[in-house]
1. If we count every other residue with Cβ under 15 angstrom of B:GLN28's Cβ, Lys/Arg +1 and Asp/Glu -1, where does the sum land?
2. If you average the C-alpha positions of region A:8-37 and of region B:103-174 separately, how far apart do those two centres end up, in angstrom?
3. What are the ³J(HN,Hα) values, in whole Hz, obtained from phi via the Karplus relation 6.51 cos²θ - 1.76 cosθ + 1.60 with θ = phi - 60°, for each residue of region A:24-33 in sequence order, with x given for Gly and Pro?
4. Over the whole of B:16-23, what's the average partner chain Cβ count within 10 Å per residue? Rounded to a whole number, please.
5. Average partner chain C-beta neighbours within 10 Å, per residue of A:38-48?
6. Kindly flag which residue pairs out of B:LYS11/B:LYS31; A:LYS48/A:LYS144; A:LYS73/B:LYS27; A:LYS30/A:LYS149 have an alpha-carbon separation exceeding 31 Å in this structure.
7. Which order do peptides A:36-48, B:146-158 fall in by mean Cβ count within 10 Å, highest first?
8. Post the alpha-carbon centroid distance, region B:1-66 to region A:133-160, in whole angstrom.
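No lab work stands behind these numbers, since they all come straight from the coordinates. A quick note: this is a predicted structure, and the numbers were derived from the prediction, not measured. Neighbour counts run over all protein chains shown; Cβ positions are idealised from the backbone, glycine included.
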Amino acid sequence: MDKEYTIKTPEDAIDRYADMVYRLAFTQVKNQTDADDIFQEVFLRLVKHIHKLKNDEHVKAWLIRVTINCSKKHFDNYWNKNVVSIEDDSTLSDESEELSYMLHEENPVTLAVKKLPEKYRVIVHLFYYEEFSITEIGNMLKMKESTVKSQLFRAREMLKGMLKED
Amino acid sequence: MQEEYQREMNKLHAPQQLVDSTKELVKQEEKKYKSDVVVMKKRVATIGAIAACFLIACIVVPFILPSNENNESVYLGDSNTLGPVPIEKGEETPNEGLDITELVDYPAEFSEHQVEEILLKDTTIKLKKDEKTGYYKACLIIKDNIFFADSKLKDRELFLDKLEVFIDSKNEDN
């Protein structure tokens, strides 16, 4: 069965996959500003590579991989290594209740997912939200299936622990 | 848990302002990329054309340039290598059928007893017939130069006729 190729331009890709890219970026970086930057960077990179992508599924997989890579670069950036956001700083959130109004009212599950280490967050998002299979996730992240399975298992255990505490 | 997570994620959308500004940026990037690609293609085409011209020149030029070969005739005695002597029409090739080599000294085989010594055209010739093949060969001195004539001739008279022609040609040259 031939796979469809309806995405001819980067604008088509934005129309179709904007939310997917944004959600994945936000899951990774946990704030809107950085998610916005990553969103733009991903689609700007697509301009140079779209002619190499064979079909819509290929475009989707490419966008996910590049979003993850751009998010990793974001973490490696000097500024981000040395700056902690108010939301992440547990000492501030513990000591200062008046700051709580700045934090979003979030669902306990999404909050728990946000607290997971970055590599687990990606897998949880791709498996539970984007509903990719273990094999597809392994191909996208260039990981063995066994590694994906074990990381997913550990992520689930951590989520269960966090949600029990709540 | 999965449903709850999906429900929460579905509430998150890329801001419309971000989508619009990204589309604008992408359009500008596409224009820039396309012009870069055109420039690159022109460069590659130019380099390719220059390389092709160079290759063609390497192949064609050697055929166009005049040859440096020596057009003079190669005469026996000028070198130790064999070579047919250019002849006028009607004239017999002096060394036709003969394999002539100029030597520094008599070969050892011509010091043996089975060598016949004859006089031909005022030239002393040491004549020998190869026992295995039956072919005739000779050693002779013309104008202080030693020549060795090998052949695939079993006919003595024919061999001597050829030698005569060769001796005449050497004497004419000198």
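1. On the way: positive: A:ARG45, A:LYS48, B:LYS23, B:LYS27, B:LYS31, B:LYS32, B:LYS34; negative: A:GLU11, A:GLU41, B:ASP20, B:GLU24, B:GLU29, B:GLU30, B:ASP36.
Taking every other residue near B:GLN28 into account, the sum is 0.
2. So the two Cα centres are separated by 100 Å.
3. Karplus-based 3J(HN,Hα) across region A:24-33 equals 5, 4, 5, 4, 6, 9, 6, 8, 5, 4 Hz.
4. Values: counts 1, 1, 9, 9, 1, 3, 12, 6.
Across B:16-23, the average partner-chain Cβ count within 10 Å equals 5.
5. Values: counts 0, 6, 6, 2, 1, 6, 7, 1, 3, 10, 5.
So the per-residue partner count for this stretch is 4.
6. B:LYS11/B:LYS31
7. Values: A:36-48: 21.1, B:146-158: 15.7.
Highest mean packing first, the order is A:36-48, B:146-158.
8. 34
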